[in-house]
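The values are calculated or read from the model by the stated rules, or taken from the named source; none is laboratory data. Being a predicted model, the structure only gives us computed values, none of them experimental. Don't worry about glycine lacking a Cβ; one is built from the backbone with ideal geometry, like all the others, and counts go over all protein chains shown. The area values use the complete protein model at the heavy-atom level, side chains included, leaving out ligands, DNA and RNA. Shrake-Rupley method; radii C 1.70, N 1.55, O 1.52, S 1.80 Å.
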Amino acid sequence: MNKPMEAARMVMPGRQKISASEAFVETLVAQGVTDVFGIVGSAYMDALDIFPAAGIRFIPVAHEQGAAHMADGYARVTGRHGVCIGQNGPGITNFVTAIAAAYWAHSPVVAITPETGSMTLGLGGFQETDQLPIFSKITKFQAHVNNPRRMAELTSRAFDRAVLEMGPVQLNIPRDYFYGEYDYEIPAPIRVERGAGGSKSLDAAAKALAAAKFPVIIAGGGVIMSNGFDAGVALAEALDAPVCNSYLHNDSFPARHRLACGPLGYHGSKAAMQIINQADVIVALGSRLGPFGVLPQYGFDYWPKNARLIQVDADAKVLGLVKKTDITIWGDARDVAEALTARLKTMTLACHANRAERLARAQAAKDTWAMELQTWNAEADQWSQEVASGSNYMHPRQMLRELEKAMPEHAMVSTDIGNICQVANSYLKFNEPRSMFGAMMFGNCGYAFPTMIGCKLAAPDRPAIAYVGDGAWGISFNELLTCAREKIGVTVCLFNNEQWGAEKKNHVDFYSNRFLGVNLENPSFAGIARAFGCEGVRVDRLEDVGPALRAAVKAQAEGKTTVIELMCTRELGDPFRRDALQVPKRVLAKYKGYE
Ligand SMILES: Cc1ncc(C[n+]2csc(CCOP(=O)(O)OP(=O)(O)O)c2C)c(N)n1
Ligand SMILES: [Mg+2]
């Protein structure tokens, strides 16, 4: 750190009379904030004005939803807070979708929401809405600064709670409370050691594992959030237990490790499903076992009926919520993994006796799945075959394989919500944590691109790649402006199949191909990218996919964002919500035929 920056990052000592804006900004500094995403607004301009002097970069974006997604990506890469701010009223309501997404990504985002002035509250003035209820179900904590004298205290508490509870928080500040001078002391951040949970439950878990004949580990998001990647590997090696990634956490265990089986869940690894199906004891390490992530796949209800389940999570509220547990550990995934490994080292393990046979079975499942993927070039259903047969474009699976082959080391990849993005789950493999950024369970189209911009800002030396469908791109491409203006280099793999494919698949499967609102007529997205001051290339041949990705990643070093517009056939993989859709039944005569 250079000298002026060091001075900027020195927090005011002791108790002093300073302005409320200064107290706010000093608290951000104390909490380690160096980057804030948002759109400029008069509501907080008094504080914004002094961000540079505090060593805080303000990243102006195109849409506040983008700002909050960027904060989410930033937080998920660093494990530190991601921070976003906006104008009271519309600037704040624009955050909502992205904060809901951050909630289900367990991401410590701090949404700073200046609100209408306290002296006009309720009068229906300019840009007024009740900002607390809107976020009440999508934040872990809401701090409302009810008196400017409490600015530092409540700002600090919001930041503390975001990491304590691992989720977004709201800091609501009436805009007039940025003014005035009061006595403040800047609180030191509170960070707790979580620990491994109770020793009785750890002993019971170790005992169950020692007796297990076929233990299998599910490495969840908690492994990543607790920085427990290596501890997870050590536990797996102590048992020689195969490891499945939980849904959309393909970066929770190294893919190249001999015990790795790949992800469970939608378009996950068939090998992982076959292997966990044989388990007699499962350790769900840092996973809430979300219902969508454990649904039957490929027509296979793989969850073993008689296995004993040891669930470990730092959030007590998710323990036993979805799957009945036999042993329940309220603890930090890393600490629990270490505590279990230490116990197992002193015990005789039944699963060591049949190690060779177990691992051979697991390897066979992995080899079969790898071979199946290798030869799975196109979707086999009738509709997919018809639409693909007349097309010169790429089969999505073949294209995804080319991307997989060209994927650089240390890559960060975000995935959006869409059919091709979900099929990609089978082709995304990582060897280090904090590398995969799925849209998680809120499932909003438009997640991947802004999130990856936040990731890139937090980890500028890592290749940053967003997987986005053409429909979802329409929701999010405005942030190309941010990339061009701020010289942020990311790579967009834009899957152009000229349709909202994931929803169209439901029309095919349930609505007799009555297509409504799913076909897209697109402009040249590569051309639009260039018009925005970014790079744009259109690729419609498999052999060009890898070189295009490599060139685009290289351009990131110069702060250049590239949109690789990948032209795909309209074929579609398995649908998202087979579990939730029913064959339509019509009663009224006027709706006959709509069956
Ligand atoms: C904000 C939002 N709106 C609507 C949906 C419903 N939805 C889920 S997937 C999908 C289609 C995505 O299309 P596209 O991005 O083109 O990807 P594709 O399925 O074609 O690969 C839609 C509309 C959603 N998940 N999020
Ligand atoms: Mg599409």
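Within the range 308-317, being in a loop (DSSP other than H, G, I, E, B) and surrounded by fewer than 20 Cβ atoms within 10 Å (Cβ to Cβ) holds for one residue alone: D315. Quick check, is P304 closer than 16 Å to E432 by Cβ and either outside any helix (DSSP H, G or I) or modelled with pLDDT under 95 (or both)? Answer is no for this residue. For the range 443-491, filtering for residues that are within 16 Å of ligand 2 (Cβ to nearest atom), among the polar types (S, T, N, Q) and assigned to a helix (DSSP H, G or I) leaves 1. Considering only residues in the range 380-426 that are in a loop (DSSP other than H, G, I, E, B), within 16 Å of ligand 2 (Cβ to nearest atom) and touching an Asp or Glu at 6+ places or on another chain (Cβ under 8 Å), the one that is most open to solvent (accessible area, probe 1.4 Å) turns out to be Y393. Of all residues in the range 502-519, those that are open to solvent by 30 Å² or more (accessible area, probe 1.4 Å) and within 11 Å of ligand 2 (Cβ to nearest atom) total 2. Could you tell me whether F437 is away from ligand 1 (no atom under 14 Å from the Cβ) and within 16 Å of T491 (Cα to Cα)? The answer is yes for F437. In this entry, E565 passes the filter for residues that are surrounded by 13 or more Cβ atoms within 10 Å (Cβ to Cβ), within 15 Å of ligand 1 (Cβ to nearest atom) and farther than 22 Å from D381 by Cα.
For the residues D574, D579, the requirement of being loosely packed, with under 13 Cβ neighbours inside 10 Å, assigned to a loop (DSSP other than H, G, I, E, B) and within 16 Å of ligand 1 (Cβ to nearest atom) singles out D579.
One residue alone among M151, M166 is touching a His at 6+ places or on another chain (Cβ under 6 Å) and either open to solvent by 60 Å² or more (accessible area, probe 1.4 Å) or at pLDDT 95 or above (or both), and that residue is M166. Only one of the numbered conditions (1) open to solvent by less than 10 Å² (accessible area, probe 1.4 Å); (2) farther than 26 Å from A255 by Cα; (3) within 12 Å of ligand 1 (Cβ to nearest atom) is not met by E498, and that is (1). Restricting the range 337-375 to residues that are of a type in the set (K, R) and more than 34 Å from the chain's Cα centre (by Cα), the residue that is most open to solvent (accessible area, probe 1.4 Å) is K345.
Taken over the range 35-53, the criterion of being buried (at least 20 other Cβ atoms within 10 Å of the Cβ) and of a type in the set (V, I, T) is satisfied by V36 alone. For the range 521-542, a residue qualifies if it is open to solvent by 30 Å² or more (accessible area, probe 1.4 Å) and either within 27 Å of the chain's Cα centre (by Cα) or more than 15 Å from ligand 1 (Cβ to nearest atom) (or both), and the qualifying residues are S524, I528, R530, A531, F532, G533, E535, V537, R538, D540, R541, L542.
Going residue by residue through the range 182-197, is there one that turns out to be buried (at least 22 other Cβ atoms within 10 Å of the Cβ), over 29 Å from the mean Cα position of the chain (by Cα), under 30 Å from A23 (Cβ atoms) and touching a residue at least 12 places away in the same chain (Cβ under 8 Å)? Yes: one or more hits.
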